[in-house]
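Worksheet: the structure to be examined is printed underneath.
The values are calculated or read from the model by the stated rules, or taken from the named source; none is laboratory data. All figures in this text were calculated on a predicted structure; none of them were measured in a lab. Positions of Cβ are generated from backbone atoms using ideal geometry, with glycine treated the same way; all protein chains shown enter the neighbour counts.
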Amino acid sequence: MTPLAAAIETAMEHYLRLDPEGRELLGQLQGRVIALEFLGLGGRLYFIPTRNSLRVLSQFDGEPDCTLRGAPLSLLRLSLAENKTGLLRGPALELLGDTSLAHDFAKILGEIQFDWEEQLSRLTGDVLAHGLARGVRALGRWGQESLSSLRLDTRDYLQEEAQLLPSASEVEAFNAEVDRLRDDVERLAARIARLQG
């Protein structure tokens, strides 16, 4: 077991001790295996709910019931997000295998509030843990701002420079013209029907 897997398992055990309801919900997934694969790093973590705890392993002999694959930043956003199921359906993460198991697992984890900084401080000390947590939060904000900026820049390029996409006003104008043409065709059809009748 790697130090990361051990730290996560210890943190989960700590929180599950304080949350008997969460422990019971995880117990319903007993024996199932959920893999988390970090794209770009080649690492995996395996989460195996038991009746009383959650085992976290860095190696597992066998095939997991479901695998969640994504870049470390996307997986970090998932762990910090309130709406985990919404992110599971997003394009940044790939879900393989039993998707309902992944959604159930994410929902249970979403109801448990993790204090990662506190758990990290046990391994590294308060000062380093606080600095790392602040850095992770700043990295998350930077990632969101960069993604937003990239979306806007890409949209502007495709609309203005390459002229591959219409602007919102052009789409509205086109829709209005289609509506007008449809109405004209309906009036013409009614007029022809009157003339024939």
Residue check, Asp104 modelled with pLDDT of 80 or more and over 30 Å from Glu9 (Cβ atoms): no
- Query: Does Val136 fit the bill of being aliphatic (A, V, I, L, M), without any contact (Cβ under 8 Å) to a residue 24 or more places away in the chain, outside the structural domain of Ala71 (by TED's automatic domain parsing) and surrounded by 10 or more Cβ atoms within 10 Å (Cβ to Cβ)?
  - Reply: no
By residue number, the members of region 1-49 that are among the charged types (D, E, K, R) and either part of a strand (DSSP E or B) or outside the structural domain of Ala102 (by TED's automatic domain parsing) (or both) are Glu37, Arg44
How many residues of region 120-179 are farther than 30 Å from Ala7 by Cα, of a type in the set (A, V, I, L, M, F, W, C), more than 27 Å from the chain's Cα centre (by Cα) and not in a loop (DSSP other than H, G, I, E, B)? The answer is 6
Within region 50-72, the count of residues that are in contact with an Asp or Glu (Cβ under 6 Å, 6 or more places away or on another chain), modelled with pLDDT under 85 and in a loop (DSSP other than H, G, I, E, B) comes to 1
